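What follows is a single structure, written as structure tokens, with notes after it.
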Protein chains: 2
Amino acid sequence: MIEQSVDDVMTRTVHTIDAEATACEVARLFAEHDIGSALVVDPATDDLAGIVTQSDVMAQVAGDVEIATVSVGSFMTRSVVTIDSSASIHEAAALMREHSIRRLPVVDDGELVGILTTTNLTHYLPRLRNTILRARGELAGQ
Amino acid sequence: MIEQSVDDVMTRTVHTIDAEATACEVARLFAEHDIGSALVVDPATDDLAGIVTQSDVMAQVAGDVEIATVSVGSFMTRSVVTIDSSASIHEAAALMREHSIRRLPVVDDGELVGILTTTNLTHYLPRLRNTILRARGELAGQ
């Protein structure tokens, strides 16, 4: 369907990391799980404290920073744009474009339930095309 | 239109780097231009020799590697999946999914003309939705 929701395409496994972890440790997490971001969660409150992405680590590597000691908390993004799992995928795509971001943590009633990335949305594209073709009757009966 | 081509949505500015550059240097290129990959081009033949991504650099940071000296040529991906600019965007999306990749260098007749990323495809999604709605007449006259 055209109004597919975030819930239909998001990744349900969310990787979190402590703000005290180092740039090297988060790079290891990214490499191990083939992921591009991790969410930083406050261990006391379980609240979302920030997001750390490959680009953030890249900026540390690029700078004159000791990546074996610099902590995630010092370079993560604190203001995180999130989306509700019931939002439509086109709302999510528009939000990513507006904020120039590639990942949206999915939060329902304050609880982290998944993450939506440009990769999730790309994998959904061929299905969307079939929806159009069906709407036009070109795939009728298939 | 539904059969939008790679040429319509790709990024035309392609960043290239020398195979002799270090992990730190490529991280600096990524950070400076807010990009996630660079193409490695043979300086003698101008042929595409490989691609280096944030994930590749991340794996070096994660390992016990001296990132200030390790060269891009030693950890880049040599077998590069490319696409023609006249291919459709759904072909591109399917190719990315098949190979679990997020970027496709666009090559026409052996010449590098652009790069297509999951971000380009995501930015295109809202337009695709409008195409569906128009096909259904819900946006007729708009």
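The values are calculated or read from the model by the stated rules, or taken from the named source; none is laboratory data. On a predicted model such as this, the values are computed, not experimentally measured, just so you know. Cβ placement follows ideal geometry from the backbone for every residue including glycine, while neighbour counts extend to all protein chains displayed. These area figures cover heavy atoms from the full protein model, side chains too; ligands, DNA and RNA do not enter into them. Shrake-Rupley method; radii C 1.70, N 1.55, O 1.52, S 1.80 Å.
Things to note:
- Matching entry among B:Leu104, B:Leu112 (being within 11 Å of another protein chain (Cβ to nearest Cβ) and either free of Cβ contacts under 8 Å to residues at least 24 places away in the same chain or of a type outside the set (Ser, Thr, Tyr) (or both)): B:Leu104
- Tally of residues being facing another protein chain (nearest Cβ under 7 Å) and either in contact (Cβ under 8 Å) with a residue 40 or more places away in the chain or β-branched (Val, Ile, Thr) (or both) across the range B:41-65: 2
- When the range A:39-75 is filtered for residues that are open to solvent by 60 Å² or more (accessible area, probe 1.4 Å) and modelled with pLDDT of 95 or more, only A:Ser74 remains.
- Residues within the range B:16-38 that are open to solvent by 40 Å² or more (accessible area, probe 1.4 Å), at negative phi and assigned to a loop (DSSP other than H, G, I, E, B), tallied: 2
- The set of residues from the range A:111-138 being in contact with a strand residue (DSSP E or B) (Cβ under 9 Å, 6 or more places away or on another chain) and over 20 Å from B:Gln54 (Cα atoms) comprises A:Leu112, A:Val113, A:Gly114, A:Arg129.
- Unmet criterion (only one of (1) within 26 Å of A:Thr122 (Cα to Cα); (2) modelled with pLDDT under 95; (3) buried (at least 16 other Cβ atoms within 10 Å of the Cβ)) for A:Met1: (3)
- Taken over the range A:102-111, the criterion of being surrounded by fewer than 19 Cβ atoms within 10 Å (Cβ to Cβ) and within 12 Å of the chain's Cα centre (by Cα) is satisfied by A:Val107 alone.
- Single residue of the range A:115-132 satisfying the filter (within 7 Å of chain B (Cβ to nearest Cβ) and modelled with pLDDT under 80) that is farthest from A:Asp8 (Cα to Cα): A:Ile132
- Tally of residues being more than 17 Å from B:Leu125 (Cβ to Cβ) and either open to solvent by 60 Å² or more (accessible area, probe 1.4 Å) or aromatic (Phe, Trp, Tyr) (or both) across the range A:85-101: 1
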